[in-house]
Amino acid sequence: MKYAPVQNYISGKFTNSTSQRTLDVVSPLDGNLLSKMPMSSSKDLDMAVKAAKAAFPAWSKTPIKERVQVFFRYKTLLEKHLKELAELCSEENGKTYGESVAEIEKCIELTEFATSLPQLVTGEILEVSKGVECRTEHVPLGVVASIVPFNFPAMVPNWTLPNAIALGNCMIMKPSEKVPLCCGRLAELLKAAGLPDGVFNIIHGDVEIVEAICDHPGIEAVSFVGSTKVAKIVYQRATKSYKRALALGGAKNHLMVLPDAIPGMTAQNVAASMSGCAGQRCMAASAMIGVGNVDSIVDKICEEARKIVPGENLGAVISKESKERIERYIGEAERDGAKILVDGRNATVKGKEKGTYVGPTVIDYVKPGMSVATEEIFGPVISIMRTNTVDEALAIENANPYGNAASVFTQNGGMARYIIDRASAGMIGVNVGVPVPREPFSFGGWNESKFGVGDITGKSSIEFWTKLKKSTTKWNAEAGVNWMS
Ligand code: NAD
């Protein structure tokens, strides 16, 4: 075992769980055992909530300009430890080192946004009648929780922790049981940056801990990122106990390729979007709809896909179960009559035979009802459908229950606008394969890709992590008394 057993992090200290149950942490790159992690109990959560509650009065009363100083220092530490964090991220998640570097760079950008929060939460003040002023302030909620998935072990925790904490909350993070290592390192860097003990805590575990978080009376708000199935469970359970909740779910993102699309650029973007992070991105291109004759572009996509080699410029998928699920989808498509143009099944990497790799896969002549057309595959697979018109393509996109992202590839600005207006997704790209809005713009899908109001990052997150206090004041005796004062 390469690393010491993973521990919870409570009140600034790594702490053993009260539970004896553990889970192996295995690297998808080569199947090697990295560590063991505790499957914590609700007793552990109680301790973390107690620590966060104890830290809240002092932290919430610290002026925001002082609070963000921690994040200026944290950002510098992320920069300093970029290489080491990226290596850890690749080891536990299976993505390539380059992808992990990009992930840590994104953490830095997210933190940079948090340092700008004092400029964005100034509140409002107005003399509403003679001598009477109304003022609004953004006030932190208290103890909040963040439940995160396996696919971005460092970035998704940093979607929530810098903003929620800079805004004055104390947080309990529940990492994915598949990738528990990065979060511990983030906690160490936050402490080194001067974050007071108890403001950030980590509880490891799975279903039991997620349910306990949703039910805990000491937690005010729950953010969740993961599959739609679990997002629905968490949203319902957390709001049932009257918590504020925001739950981001899965995705099936459609790229619409028009015949006037620039072939080389389009093919590179489609191939990169479907295969980046081994297709395990909620913003990955999963379905492509070719409008009219796009055969030459499909040929180029296959050419690009063949340049993507497992173990070289393509990482591993998270587990054996994931690999089997992805390969099952490809088999179903083949049985249903689709054409496998590039086949990534049975991929292995020499010397890493226990790694869980799937090669890039291009499936053409997919019909809208097939499972590869409608379901989230979460692997490096693109399902290509064909239509004669843009409206038929939009009908397919609109019929999908998800709504994270959609993209169009064209050189016609009017047509791009037509699609932006009609696609049913929260994040739209024009000639962009992965249309993630960068800070200060916020991240969040529509439909079954998100439950709750507002987005999880950027300016929109301010509303989620704070409540508004409205005060009406009158100081001068001369101010008249009437129904408006
Ligand atoms: P997951 O839903 O299996 O797990 C997410 C979290 O929920 C983990 O912390 C896990 O421990 C917990 N969990 C799992 N099953 C649970 C249950 N039955 N009850 C309560 N908690 C449970 O997701 P994953 O496999 O870790 O991540 C992949 C999914 O996340 C994909 O569907 C992907 O699209 C989605 N995702 C979405 C976004 C987004 O922004 N919309 C971003 C990243 C990932």
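The values are calculated or read from the model by the stated rules, or taken from the named source; none is laboratory data. This structure is a prediction, so every number in the text was calculated from the model and none was measured. Don't worry about glycine lacking a Cβ; one is built from the backbone with ideal geometry, like all the others, and counts go over all protein chains shown. Surface accessibility is based on the protein's heavy atoms, side chains included, excluding ligands, DNA and RNA. Shrake-Rupley method; radii C 1.70, N 1.55, O 1.52, S 1.80 Å.
Using alpha carbons only, the radius of gyration of the stretch 253-430 set against its Kirkwood radius gives Rg/Rh = 0.96. Length available on full extension from Glu478 to Val309: 0.36 nm per residue minus the Cα-Cα distance, which gives 53.0 nm.
Sparse packing (at most 14 other Cβ atoms within 10 Å of the Cβ) combined with a DSSP loop state is found for none of the GluC sites (Glu not before Pro) in the stretch 203-307. Largest first, the three principal axis extents of the alpha carbons in the stretch 363-485 are 78, 32, 26 Å in whole numbers.
What angle, in degrees between 0 and 90 and rounded to the nearest 10, separates the Cα long axis of helix 413-422 from the longest principal axis of the Cα atoms of the chain? Taking Cα atoms only, the helix is inclined about 60 degrees.
Karplus-based coupling profile of the stretch 53-68, in residue order and whole Hz: 5, 5, 7, 4, x, 5, 5, 5, 8, 5, x, 4, 5, 6, 4, 6, with θ = phi - 60° in 6.51 cos²θ - 1.76 cosθ + 1.60 and x standing for Gly or Pro. Distance between the C-alpha centres of the stretch 280-339 and the stretch 120-186: 36 Å, rounded to the whole angstrom. For the stretch 177-324, taking Cα atoms only, Rg and Dmax work out to 20.7, 61 Å respectively. Summarising the amide proton neighbourhood of Ser17: residues at separation of 5 or more, or on other chains, whose placed amide H is nearer than 5 Å comprise Asn8. Are any of the pairs Lys2/Lys320; Lys2/Lys307; Lys53/Lys240 more than 24 Å apart by Cα-Cα distance, and if so, which? Long pairs (Cα-Cα over 24 Å): Lys2/Lys307.
For the stretch 253-430, carbon and sulfur atoms together expose 49% of the accessible surface, with a 1.4 angstrom probe and every protein chain in place.
Label point of Lys469 set 7 angstrom out along Cα-Cβ; within the stretch 104-129, amide nitrogens under 14 Å from it belong to 123-124. Relative to the longest principal axis of the Cα atoms of the chain, the long axis of helix 181-192 makes an angle of roughly 30 degrees.
For the cross-link pairs Lys83/Lys191; Lys450/Lys470; Lys50/Lys80; Lys243/Lys459; Lys252/Lys367; Lys232/Lys467, the ones whose C-alpha atoms lie over 26 Å apart are Lys450/Lys470; Lys50/Lys80. Accessible surface calculations at 1.4 Å, restricted to protein heavy atoms, place the stretch 199-327 at 35 Å² per residue. Under 5 Å between amide hydrogens, built in the peptide plane, is the criterion, and for Leu314 it picks out Val309 among residues at least 5 positions away or on other chains. Rounded to the nearest 20 debye, what is the charge dipole size of the stretch 253-430 about its Cα centre when +1 sits on each Lys and Arg Cβ and -1 on each Asp and Glu Cβ? The calculation lands at about 480 debye. Free of any chymotrypsin sites (Phe, Trp or Tyr not before Pro) that DSSP assigns to a loop and that have at most 11 other C-beta atoms within 10 Å, the longest stretch within the chain is 1-241. Relative to the longest principal axis of the Cα atoms of the chain, the long axis of helix 82-93 lies at roughly 60 degrees. Rounded to the nearest Hz, the phi-derived 3J(HN,Hα) couplings of the stretch 14-25 under the Karplus curve 6.51 cos²θ - 1.76 cosθ + 1.60 (θ = phi - 60°) are 6, 9, 5, 6, 6, 8, 8, 6, 9, 10, 6, 9, where x marks glycine and proline. For Gly413, the shell of other residues with beta-carbons less than 14 Å away shows a net charge of -1, using +1 for Lys and Arg and -1 for Asp and Glu. Sequence-ordered 3J(HN,Hα) estimates for the stretch 128-133 from the Karplus curve with 6.51, -1.76 and 1.60 and θ = phi - 60° stand at 8, 8, 3, x, 10, 10 Hz, glycine and proline given as x.
Computed from the C-beta positions of Ser241 and Met1 and an R0 of 35 Å, the FRET efficiency is 0.40 to the nearest 0.05. In this structure the amide hydrogen of Asn253, modeled in the peptide plane, comes within under 5 Å of the amide hydrogens of Ser286, Ala287, none closer than 5 places in sequence on its chain. The alpha-carbon atoms of the chain, seen along their principal axes, cover 80, 58, 40 angstrom, with the largest extent given first.
Which of the GluC sites (Glu not before Pro) found in the stretch 418-485 are in a DSSP loop and have at most 13 neighbouring Cβ atoms, other than their own, within 10 Å? Here the sparse-neighbourhood loop sites are Glu478.
Adding -39500 (n - 2.57) for every DSSP H run of four residues or longer, then dividing by how many residues the chain holds, sets the calculated 222 nm ellipticity at -12000 deg cm²/dmol.
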